[in-house]
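Q: Before I ask anything, here is the structure I am working with.
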Amino acid sequence: MSREQLSFVRSHMLPEAPPPTAETGAIKWLRENLFSSPANTLLTLVSAYVIFKIVMGAAPWFINGIWDSPSLTACREILGGKVGGCFAVLTERWNQLLFGFKYPPELYWRPTLAFVLLFVAVAPVLFIKYLPRKLLVFTGLYPFIAFWLIWGGPIATPVFALLGVLVGIFVYFRLLRTSAGVAVIAGFLAALVFWILSGYLKAPFDGFLAMEAVASRDMGGFMINLMLGVVCVSLSLPIGILLALGRQSSMPIIKWICVVFIEFIRGVPLITLLFVANVVLAYFLPPGTNFDLILRVIIMITMFSSAYIAEVIRGGLAALPRGQYEAADSLGLDYAQSMQLIILPQALKISIPGIVNVAVGLFKDTTLVSVISMFDIVGMIRGPILASPEWNGVYWEVFGFACVLFFITCYGISQYSQWLERQLQTDHR
Amino acid sequence: MTTMTDPPRASFQLSSLIYDTRYRSYTFQFIALVLLMLLIGYLGMNLIQNLASQGQDISYRFLGEPSNYDINQRPIEYDSRSTHLRASIVGVLNTLIVAFLGCITATLFGVTAGILRLSPNWLVRKLMAIYVEAFRNVPVLIWILIIFTIMTAVMPAPNQFRGEDASASMLFDSFAFTNRGVYTPAPIWGPGSLVVVLVFLASIFGVFYYRHYATKLLYDTGRLLPMGWPSLVILFVPTILIYFIMGRPISLDYPELRGFNFGGGLHIRGSLIALWFALAIYTGAFIAENVRAGIQAVSRGQTEAAASLGLRPRRIMNLVILPQALRVIIPPLISQYLNLTKNSSLAIAVGYMDVTGTLGGITLNQTGRAIESVLLLMLFYLTISLSISAVMNVYNNSIKLKER
């Protein structure tokens, strides 16, 4: 067959034609994501209808919302029969929702300042790659500053507490050469001795730089949730690590102490532990000691969350290949060194999502203290606000506000943890 | 070069308790044990002193005394003259009821939401993501209170169902949603209903037997029996037949307005519904994440391999994907059930009389027996948790991948 006999032979490439309109841009996206099959179309229409109903129901409630009114009846009068939210309860009770109803109003700046400083203190830990390490010094000082700001009292209390910690750290580093375990115990004992002594030492300084003291029972609102959350999570991390190491330990007695503790705490609901803090713990303390309720609650919640964190970290430890342990041994590192340098950095990295889950769960669980008649944000809403004659009957606005506060905090934390996981990713994928 | 393999067998010195790794662990354990003993002794001494100073003792005799309080939801016979022990048992049963209902509903919500989160439909995917994030990030106590508020403050009062121009009406004339709870039809078990129930139970076994037989036949001979419609036939046809043969022994008792309230039917209280649904929706959000993670954990290659073997999509799902996904899903699912059971102790916030409300609430306050009550309460939850963990361990071992 010669070339001439063929009817047509293309001698050059055609330019690319644009794809059909149904296969590009928004239409393609719609076809693929919303209307790919009859069942999908139905699902799309149903969900669009649901969204439409919700938006149409909620929109007037938000748009007609009243932000300024002294009481629910006044608010209903302004609305005059229209659908609308009485957000005035939030503006009117703003301070109660955040600080509780007994915290002295002229001192609101102190917890607010402590809250702002919290971000300054936490930032170097959260963004350790991007901020200078020297800022960590402030993180170390923050607990003492925050204590002084929130509880007030003479500055000598937090200063001597800080000095005790410094003494402990000093002793720890002096003895580190001998043995890490001995150093930890000795450092702890030294700090304890110093704190006991400082009870006598600090008396002369009691008038110095003293701020007005606020009793724990005067605190309330979202402040309590934040305080409990931050304090208990930061305390339970080191305890959780120790418990996890103890549970993995080859020493049977230590292992069993840890196992019993962890399984017991994980087996009971937090609310029973709060009952313990509320009514039982007093029986186990020396007669006459009057332990602060917040402190008792902090102890119980810390025990609770450290057991959960211990299990998460144990998972991380177990996930490490045996070779890592053997490699650390073959380098001649002792137990403390191998844990500190080889095992824990990797195990903690694996456990980040779990730890964050525990932290978020714990923060949500701080609302349970309202059951033992502490006035955290839920306690404030159920007690002083909904029971007051002005605002009896306004539910959605206050509960919605609490939801928003918790959602922002918890969602923020989990987003951060996902970001951190990506940052710490060392495998190349 | 074998000189350094054995350390010299030095004689035991006091310093080797700290420096010699062979003895050091004994030192630490000894110290830990002594500290533990000291702590327990210290706490015990304080307890004895405190009890002595208040003239109290530890005794469980209060369990045998009359409780003098009423419980509004009684699965077993109980009145205010019954003992505290019986009140606690009622509480335990109420806890188990709400936990059981909650677990089933949470699984339904969770599995649905988890599968829909992987749907090809963008809108559905986003809606489910909103559901999961909204419920995971807000405390369950707030959800319980919100649903309780809906049940008590938004639902119409029973008298609104009255009259010609009633502002509220019953759903299908059989369900009444009121601010005192939900009234639903209740079954009346007439004579002969036992037979119907037994036949129904037997048909459930029949279905399992049929499926077992069909699988065995498939593996032995390669013959494939239909699974779907025969199961349904076995499940329902004998029961319905016997129901009519016995002369319809089971009938429904419909709730109706009597006086100021509804009478008849089954009364489900608002507190139970609030607790049940809040726990179910909240836990469902967590289960949804587990389900999604489980399905995503099965690599795409498995689907493709199954397809290249010539399996059809439904069989791929049933025979290849699900068995592998379930291995990932079930352990966290069980621990979510456990969490739900423990969270059901929040019943105390809405006045549902579970074991925390009876034993840890009213009994504790009436008798002042704090230590005993809280201890019993903890033991109850501990028993449930530990037995479920034991079952879990057995299950985990049975599905463990047999490697090497």
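The values are calculated or read from the model by the stated rules, or taken from the named source; none is laboratory data. In this text the structure is predicted, and so the values were computed from the model without any measurement. For neighbour counting, all protein chains shown are included, and Cβ atoms are generated from backbone atoms with ideal geometry for every residue, glycine included. Just the protein is used for accessible areas: all its heavy atoms, side chains included, with ligands, DNA and RNA removed. Shrake-Rupley method; radii C 1.70, N 1.55, O 1.52, S 1.80 Å.
Q: Quick one: ranking A:T426, A:T41 by accessible area, 1.4 Å probe, largest first, what do you get? Walk me through the intermediate numbers first.
A: Numbers: A:T426 95, A:T41 40 Å².
If we order A:T426, A:T41 from most to least accessible, we get A:T426, A:T41.
Q: Moving to a separate point now. Just to be sure I understand: with springs between alpha-carbon atoms less than 10 Å apart, which residue in A:A59, A:A123, A:A39 has the highest mean-square fluctuation in the Gaussian network model of chain A?
A: Evaluated over chain A, the most mobile residue of the options is A:A39.
Q: May I pose another question? Mind listing the phi-derived Karplus ³J(HN,Hα) values for the stretch B:358-368, rounded to whole Hz, using 6.51, -1.76 and 1.60 with θ = phi - 60°, and x for any glycine or proline?
A: 7, 5, x, x, 6, 4, 4, 5, 6, 8, x
Q: With r defined as the distance between the Cβ atoms of B:E133 and B:D253 and R0 fixed at 51 Å, what FRET efficiency is calculated, to the nearest 0.05?
A: Values: r = 42 Å, r/R0 = 0.83.
Efficiency computed from Cβ-Cβ geometry: 0.75.
Q: Using a cut-off of 18 Å between alpha-carbon atoms, which aspartates and glutamates can reach A:K202, once sequence neighbours fewer than 8 places away in the same chain are excluded?
A: A:E212
Q: Taking each residue of A:60-69 in turn, how many C-beta atoms of other protein chains fall within 10 Å of its C-beta, and what is the average?
A: 0
Q: Right, something else. Quote the accessible area belonging to B:L118 in square angstrom, nearest 10, computed with a 1.4 Å probe and with ligands, DNA and RNA left uncounted.
A: Result for B:L118: roughly 60 Å² accessible.
Q: With label points built 7 Å along Cα→Cβ from the Cα atoms of A:S37 and A:F264, find their separation and express it in nm.
A: Result: 5.5 nm between the two label points.
Q: Using a simple spin-label model with points 7 Å from Cα along the Cα→Cβ vector, what separation in nm is obtained for B:L241 and A:F173?
A: Label-label distance for B:L241 and A:F173, simple model: 8.7 nm.
Q: Shifting gears a bit: Counting only helical runs of four or more DSSP H residues, what would the 222 nm mean residue ellipticity of chain A come to if each run contributes -39,500 (n - 2.57) and the total is spread over all its residues?
A: Using -39500 (n - 2.57) per qualifying helix, the result is -21000 deg cm²/dmol.
Q: Related question: Leaving out ligands, DNA and RNA, and with a 1.4 Å probe, what % of the accessible surface on the protein assembly as shown is carbon or sulfur?
A: On the way: 31600 of 46640 Å².
After summing per-atom areas, the C and S share lands at 68 percent.
Q: If you don't mind, there's one more thing I want to ask. Per residue, how much accessible surface does the protein assembly as shown expose to a 1.4 Å probe? Answer in Å², no decimals. Walk me through the numbers before you get to the answer.
A: Details: 46640 Å² over 833 residues.
Per-residue accessible area for the protein assembly as shown comes out at 56 Å².
Q: Let me ask something else. Taking H placed 1.01 Å from N in the peptide plane, check which residues at least 5 places from B:G181 or on another chain put their amide H under 5 Å from its amide H.
A: B:G270
Q: Check cross-link reach from A:K255 to the aspartates and glutamates: straight Cα distance under 20 Å, and skip same-chain residues fewer than eight apart.
A: A:E263, A:E311, A:D334
Q: I'd like the accessible area for B:D57: 1.4 Å probe, protein heavy atoms, all chains in place, Å² to the nearest 10.
A: Per-residue accessible area (B:D57): approximately 70 Å².
Q: Right, next: Of the candidates A:Y416, A:Y130, A:Y142, which one comes out as most mobile in a Gaussian network treatment of chain A with C-alpha springs shorter than 10 Å?
A: Residue with maximal mean-square fluctuation among A:Y416, A:Y130, A:Y142: A:Y130.
Q: Based on C-alpha coordinates, I'd like the Rg and Dmax of the stretch B:339-404, in Å.
A: 16.9, 61
Q: Does any residue of the stretch B:136-151 lose at least 20 Å² of accessible area with all protein chains in place compared with its chain alone, and if so which ones (probe 1.4 Å)?
A: B:R136, B:N137, B:V138, B:P139, B:L141, B:I142, B:L145, B:I146, B:T149
Q: Need one number: the % of Cα-Cα pairs in the stretch B:186-253 sitting beyond the 19 Å mark.
A: The proportion of pairs with Cα distances above 19 Å equals 45 percent.
Q: What figure in square angstrom, to the nearest 10, would you give for the accessible area of A:V83 with a 1.4 Å probe?
A: Answer for A:V83: close to 90 Å² accessible.
Q: Through the Karplus equation 6.51 cos²θ - 1.76 cosθ + 1.60, θ set to phi - 60°, convert the phi angles of the stretch A:49-62 into ³J(HN,Hα) values in whole Hz; use x for Gly and Pro.
A: Computed from phi, the couplings for the stretch A:49-62 are 5, 4, 4, 4, 4, 4, 5, 5, x, 7, 4, x, 4, 6 Hz.
Q: Going 7 Å from the Cα of A:F188 along its beta-carbon direction, which residues of the stretch A:285-304 have the amide nitrogen within less than 11 Å of the resulting point?
A: No residue passes the distance filter.
Q: Shifting gears a bit: Over the alpha-carbon set of chain A, work out the extent along each principal axis and list the three values in angstrom, largest first.
A: If we take the Cα atoms of chain A, the spans are 112, 78, 41 Å.
Q: Rounded, prolate or oblate: pick one for the stretch A:77-180, where a ≥ b ≥ c are the square roots of the eigenvalues of its C-alpha gyration tensor, a/c under 1.5 means rounded, and failing that, prolate if a/b is larger than b/c, else oblate.
A: Verdict is prolate for the stretch A:77-180.
Q: If you don't mind, there's one more thing I want to ask. What's the center-to-center distance, using Cα atoms, between the stretch A:279-297 and the stretch B:63-88 in Å?
A: 31 Å
Q: Summarise the partner chain shielding of A:171-183 as one whole number: the mean count of Cβ atoms from other chains within 10 Å of each residue's Cβ.
A: The per-residue average across the peptide is 1.
Q: Which whole-number value in Å³ per residue fits the convex hull of the alpha carbons of the protein assembly as shown?
A: Residue-normalised Cα hull volume stands at 334 Å³.
Q: Indicate the residues belonging to the stretch A:355-379 that lose 50 Å² or more of solvent-accessible heavy-atom surface (probe 1.4 Å) upon moving from the chain alone to the assembly of all protein chains, ignoring ligands and nucleic acids.
A: Residues shielded by partner chains are A:K364.
Q: While we're on this one: Okay, helix-only estimate at 222 nm for chain B: each DSSP H run of n ≥ 4 adds -39500 (n - 2.57), divide by all residues, round to 500 deg cm²/dmol; what do you get?
A: When only DSSP H runs of four or more count, the value is -20000 deg cm²/dmol.
Q: With all protein chains present and a 1.4 Å probe, how do A:K255, B:K342, A:K53, A:K202 order by accessible area, largest first?
A: The most accessible residue leads, giving A:K53, A:K255, A:K202, B:K342.
Q: Please give, to one decimal in nm, the separation of the simple spin-label points placed at A:V55 and B:N318, each 7 Å out from Cα toward the Cβ.
A: 4.2 nm
Q: What are the radius of gyration and Dmax of the stretch A:220-423, computed over its Cα atoms and given in Å?
A: Taking only Cα atoms of the stretch A:220-423, I get Rg and Dmax of 20.1, 72 Å.
Q: What relative contact order, as a whole-number percentage, does chain A give when Cα pairs under 8 Å and 6 or more residues apart are counted?
A: 16 percent
Q: Tabulate in residue order the Karplus-calculated ³J(HN,Hα) for the stretch B:264-269, using 6.51 cos²θ - 1.76 cosθ + 1.60 with θ = phi - 60°, rounded to whole Hz; enter x for Gly and Pro.
A: With the stated coefficients, the stretch B:264-269 comes to x, x, 9, 9, 9, 6 Hz.
Q: So who's got an amide H within less than 5 Å of the one on B:L252, skipping anything under 5 residues away but keeping other chains? H placed 1.01 Å off N, in plane.
A: Those lying under 5 Å, H to H, from B:L252 are B:I188.
Q: By its C-alpha gyration tensor, with a ≥ b ≥ c as the square roots of the eigenvalues, how is chain B shaped: rounded for a/c under 1.5, else prolate for a/b larger than b/c, else oblate?
A: Since a/c reaches 1.5 but b/c is at least a/b, the shape of chain B is classed as oblate.
Q: Here is a further query. Please work out the C-alpha center-to-center distance from the stretch A:322-358 to the stretch B:322-372 and express it in whole Å.
A: Going from one Cα centre to the other spans 35 Å.
Q: If you count, for every residue in A:186-198, the Cβ atoms of partner chains within 10 Å of its Cβ, what is the mean? Each step should come with its number before you reach the end.
A: Details: counts 0, 0, 0, 0, 0, 0, 0, 0, 0, 0, 0, 0, 0.
Taking the mean over all residues of the peptide, I get 0.
Q: For a quick check, take a GNM of chain B with Cα springs below 10 Å and name the residue from B:M353, B:M128, B:M317 with the largest mean-square fluctuation.
A: B:M317
Q: Next question, about the same structure. Between Rg and the Kirkwood Rh of the stretch A:250-310, both from Cα atoms, what is the Rg to Rh ratio?
A: Ratio of gyration radius to Kirkwood radius for the stretch A:250-310: 1.04.
Q: State, in square angstrom and to the nearest 100, the accessible area buried between chains B and A, both chains counted, probe radius 1.4 Å.
A: 5100 Å²
Q: Quick one: compute the contact order of chain B, relative version, from alpha carbon pairs under 8 angstrom and 6+ residues apart, as a percent.
A: That works out to 22 percent.
Q: Using a 1.4 angstrom probe on protein heavy atoms only, which residues from the stretch B:356-370 are buried by at least 10 Å² of accessible area when all chains are present rather than their own chain alone?
A: Listed in order, they are B:T356, B:G360, B:L364, B:A370.
Q: A follow-up question, please. Give me the Kirkwood hydrodynamic radius of the stretch A:125-239, using the inverse of the mean 1/r over all pairs of distinct Cα atoms, in Å to one decimal.
A: 16.3 Å
Q: Give the cross-link partners of A:K364 among the lysines, using a straight C-alpha distance below 28 Å as the criterion and excluding same-chain residues fewer than 8 apart.
A: Within the straight-line limit of under 28 Å, A:K364 reaches these lysines: A:K102, A:K349, B:K126, B:K342.
Q: Please list, by residue number, everything in the stretch A:183-226 whose backbone N is under 14 Å from a paramagnetic label point 7 Å out along Cα→Cβ of A:V122.
A: Flagged as within label range: A:223-226.
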